[in-house]
Amino acid sequence: MYAAGLDAIQIYVPWNIHQPLENKFDFEGQNNVFQFISVAREIGLLVIVRAGPYMDGEWEFGGLPAWILQKNPNTVFRTMDPTYIHYADLWIDKFLPLLRPLLYNNGGPVIMVQIENEYGSYFACDKNYTSHLRDKFVSHFQDEVLLFTTDGTLDSNFKCGPIPGVFATTDFGTSYSPERGFRPLRNYQPKGPLVNSEFYTGWLDHWGHRHQTVSRLLVSVMLDILLNYGASVNMYMFEGGTNFGYWNGADDLPYLPVPTSYDYDAPLSEAGDITEKYKDIARVISKFKPLPPISFPPSTPKANYGSIQMHFVGSVLDLLDHLTSGPPIKSQYPVSMEAIGQFQGFTLYRHTLTSDLQKGTVINVPGVRDRAYVMINKVSVGVLMRDTQTSLSITGLKGQNLDILVENQGHITFNKGINDNLKGIIQNVTLAGQVVQGWTMYPLQLDKYFSMSKKHRIHQQDVTFDPKVPSLYVGELTISSDVQDTYLDVTGWKKGQVFIKSQSMVNLGRYWPLKGPQERLFVPGPYLQGGPKPNQILLVELEASPCVANQTCVVKFVDTPLINGPVTRHRFNLTSGDIH
């Protein structure tokens, strides 16, 4: 980013990754945002911080902690709702004092701090809330840094988005001329610098849709026009990166989860590699300021480690007792994942049938959030999907288990949907129109397989192979050469989650090649280890493995990404860039 001539890097700070539980804060290792800011300073970049507490970014819950829903499932987020503002204040009081030494006035690189994000697009229009946030930020920073807001390009966005006494900016992509894009901002704020704080270089993807792109020519031409206009521009994204683990968010109306890859068709690829779009942007910037006297850094080498044999371990049902952290939760009716402290991932809901179910009996699960795998007596009978497929015809015998494995595919990140964000089964289930009572819920910790397998040997006679039942498969990758970035190719597999155990355990993310557009998962070299000790690969395949009759099957580590073909749909003199 520095080599391209950028002056600053803009980052956002996800509250939920730094406070995963009410009484736990995490700024270590990968979450050490302060070290990241210091590295930017060492390289020569200034820093702009989107401090939240809400940030969007297609990130899980827009950066808000799902554990707040356990405190009060009726919380109205991004308002003066007592539950929300209590925890938001505690977070602000924790984070801002840690950030303060890195402000530019205090010798650090941070020149601007954003409050909230695009609040003018939110239905609540709670000006007491935004003024409260301003006062909290000022109480911590005084006048040591420029605070700002950002909003869209509708006049209505500037009725509730800007905060009195706080610098206002706007955001728009290649669809708007500077005159049109800045008009609502200028109507609200007649004087001062013009800042486009999200100039879209690409666009986000959704599972089941083609990969989104924006023409490199269009991006470079519009950037040239904006800089000629005298505007300051932050490119969103400049490097999109990856939604590792369960950290992808989702849009609503309809519900559309975001893939693991957040490549965004950005100037730097998901792996941080230079693209032709990057070179075009650098050429534009060079017209307005000299580029640094350094060469563009080379792309990192990518490794093709080849095929890895995967072996069936057992179904989720076979291993249930080993994949939970404590005793199951019993309830007369099903309750949400958040209510039982499961804020991401998977939960199994079990009911033991109290009578025979005749062929054609309909099970109705209107409150499934978001995708569920229904099994009777350890046999798969179908898939339920939020809003679109909430009932199935089933049959079963008294005493058999009805198991519903529910996947939280990502909390909604934007607009009203963030207030409809409970996961699991959030309404009663009916069989033949009768409400089902008597449930046992198992919050799953799938990564526990690695520690469980060391303590308990799994015997062949204790597991049943069925490729259609959600199951665990393991393999080993031994790297005798230098450890490099690579991509995991899951061709032939249907849908699931990948974990890698090397020196530490990594939840790599979700795969769903049948839906696309992402077909390979980026694996950074630091997540792997070289030498005689192997990297353990765990696939939790939910729908249908390619393994036949309990035989082994493969995944591949290859040296190129695979995100399906181009689509031209896109939304509507400081240069900077967002990093995800």
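State whether one or more residues within segment 136-150 are open to solvent by less than 10 Å² (accessible area, probe 1.4 Å) and aliphatic (A, V, I, L, M).
From segment 136-150, those open to solvent by less than 10 Å² (accessible area, probe 1.4 Å) are 137, 141, 148-150; that's our starting set.
Filter once more, so that each one left must be aliphatic (A, V, I, L, M): none.
For segment 136-150, residues open to solvent by less than 10 Å² (accessible area, probe 1.4 Å) and aliphatic (A, V, I, L, M): absent.
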Taking segment 325-345 as the region of interest, how many residues are polar (S, T, N, Q) and modelled with pLDDT under 95? 1
Looking at segment 445-458, can you tell me whether even one residue there is surrounded by 20 or more Cβ atoms within 10 Å (Cβ to Cβ) and within 17 Å of I308 (Cβ to Cβ)? yes
Quickly run through segment 252-291 and pick out the residues that are in contact with a strand residue (DSSP E or B) (Cβ under 7 Å, 6 or more places away or on another chain) and of a type in the set (D, E). D252, D263, E270
Within segment 335-357, tally of residues that are under 24 Å from the mean Cα position of the chain (by Cα) and charged (D, E, K, R): 1
Segment 1-54: number of residues that are assigned to a strand (DSSP E or B), farther than 23 Å from I418 by Cα and among the hydrophobic types (A, V, I, L, M, F, W, C): 5
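Kindly indicate whether K279 is among the basic types (K, R), at pLDDT 95 or above and not in a loop (DSSP other than H, G, I, E, B). If you could, list the steps in order and put the result at the bottom.
Numbers: among the basic types (K, R): yes; at pLDDT 95 or above: yes; not in a loop (DSSP other than H, G, I, E, B): yes.
It is true that K279 is among the basic types (K, R), at pLDDT 95 or above and not in a loop (DSSP other than H, G, I, E, B).
What are the residues in segment 319-340 that are part of a loop (DSSP other than H, G, I, E, B), open to solvent by 30 Å² or more (accessible area, probe 1.4 Å) and of a type outside the set (V, I, T), if any? Walk me through it before giving the result.
Within segment 319-340, the first condition is being part of a loop (DSSP other than H, G, I, E, B), and the residues that meet it are 319, 323, 325-328, 332-335, 337.
So of that shortlist, the ones also open to solvent by 30 Å² or more (accessible area, probe 1.4 Å) come out as 325-328, 332-333, 335.
Matches in segment 319-340: S325, G326, P327, P328, Q332, Y333.
Does V540 satisfy being farther than 22 Å from I563 by Cβ, part of a loop (DSSP other than H, G, I, E, B) and among the β-branched types (V, I, T)?
Values: farther than 22 Å from I563 by Cβ: yes; part of a loop (DSSP other than H, G, I, E, B): no; among the β-branched types (V, I, T): yes.
No.
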Would you confirm whether any residue within segment 302-324 is modelled with pLDDT of 95 or more, more than 29 Å from S471 (Cβ to Cβ) and not β-branched (V, I, T)? yes
Looking only at helices (runs of 4 or more DSSP H) that fall completely inside segment 55-169, which ones have 2 or more residues that are under 26 Å from A339 (Cα atoms)? 68-71, 82-99
Cβ pairs under 8 Å, 6+ apart or interchain, first in segment 466-483 and within 30 Å of V379 (Cα to Cα) and modelled with pLDDT under 95, second β-branched (V, I, T) and in a loop (DSSP other than H, G, I, E, B), ordered by first then second residue, are P467/V548
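Residues are listed down the side, and each one gets a yes or a no for (1) open to solvent by less than 20 Å² (accessible area, probe 1.4 Å); (2) farther than 30 Å from G410 by Cα:
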{"site": "D251", "(1), (2)": "no, no"}
{"site": "L256", "(1), (2)": "no, no"}
{"site": "D263", "(1), (2)": "no, no"}
{"site": "P267", "(1), (2)": "yes, no"}
{"site": "G272", "(1), (2)": "no, no"}
{"site": "T275", "(1), (2)": "no, no"}
{"site": "I285", "(1), (2)": "yes, yes"}
Residues of segment 424-459 being in a loop (DSSP other than H, G, I, E, B), farther than 12 Å from L320 by Cα and at pLDDT 95 or above, which ones? I426, Q427, N428, V429, A432, G433, V436, Q437, G438
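When the residues of segment 489-535 are narrowed to those that are of a type in the set (D, E, K, R) and part of a loop (DSSP other than H, G, I, E, B), which ends up surrounded by the fewest Cβ atoms within 10 Å (Cβ to Cβ)? Step through it out loud before you land on a result.
So the first thing to find is which residues in segment 489-535 are of a type in the set (D, E, K, R), and the list is 489, 494-495, 501, 510, 515, 519-520, 533.
From what is left, the residues that are part of a loop (DSSP other than H, G, I, E, B) are 494-495, 515, 519, 533.
Working: K494: 18, K495: 22, K515: 16, E519: 20, K533: 12.
Restricting to residues being of a type in the set (D, E, K, R) and part of a loop (DSSP other than H, G, I, E, B), the top hit is K533.
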Out of all the residues in segment 367-398, which are in a loop (DSSP other than H, G, I, E, B) and open to solvent by 50 Å² or more (accessible area, probe 1.4 Å)? N377, K378, D387, T388, L397, K398
Do the conditions hold for W15, that is, is it modelled with pLDDT of 95 or more, of a type in the set (A, V, I, L, M, F, W, C), within 16 Å of the chain's Cα centre (by Cα) and farther than 21 Å from M235 by Cβ? yes
When you scan segment 518-532, how many residues do you find that are within 20 Å of A544 (Cβ to Cβ) and in contact with a Pro (Cβ under 8 Å, 6 or more places away or on another chain)? 3
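Please work out if G230 is under 27 Å from D252 (Cβ atoms), open to solvent by less than 60 Å² (accessible area, probe 1.4 Å), outside any helix (DSSP H, G or I) and of a type outside the set (A, V, I, L, M). I'd like the intermediate steps shown before the answer.
Values: under 27 Å from D252 (Cβ atoms): no; open to solvent by less than 60 Å² (accessible area, probe 1.4 Å): yes; outside any helix (DSSP H, G or I): yes; of a type outside the set (A, V, I, L, M): yes.
It is false that G230 is under 27 Å from D252 (Cβ atoms), open to solvent by less than 60 Å² (accessible area, probe 1.4 Å), outside any helix (DSSP H, G or I) and of a type outside the set (A, V, I, L, M).
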Members of segment 205-240 found to be touching a helix residue (DSSP H, G or I) at 6+ places or on another chain (Cβ under 7 Å) and of a type in the set (S, T, N, Q), listed by number: S220
Here the residues within segment 536-561 that are open to solvent by 10 Å² or more (accessible area, probe 1.4 Å), touching a Gly at 6+ places or on another chain (Cβ under 9 Å) and either modelled with pLDDT of 95 or more or polar (S, T, N, Q) (or both) are Q536, E543, S545, T552, V554, K556, V558
Name the pairs whose Cβ atoms lie under 8 Å apart, with the first residue in segment 282-307 and more than 30 Å from N535 (Cα to Cα), the second open to solvent by less than 60 Å² (accessible area, probe 1.4 Å) and at pLDDT below 95, and 6 or more positions between them or separate chains? I285/T575
Would you point out the residue of segment 205-227, among those that are open to solvent by 10 Å² or more (accessible area, probe 1.4 Å) and hydrophobic (A, V, I, L, M, F, W, C), that is farthest from C160 (Cα to Cα)? L217
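The values are calculated or read from the model by the stated rules, or taken from the named source; none is laboratory data. All figures in this text were calculated on a predicted structure; none of them were measured in a lab. Cβ sites come from the backbone with ideal geometry, for glycine too, and all protein chains shown count toward neighbours. Heavy atoms of the whole protein, side chains included, go into the accessibility calculation; ligands, DNA and RNA do not. Shrake-Rupley method; radii C 1.70, N 1.55, O 1.52, S 1.80 Å.
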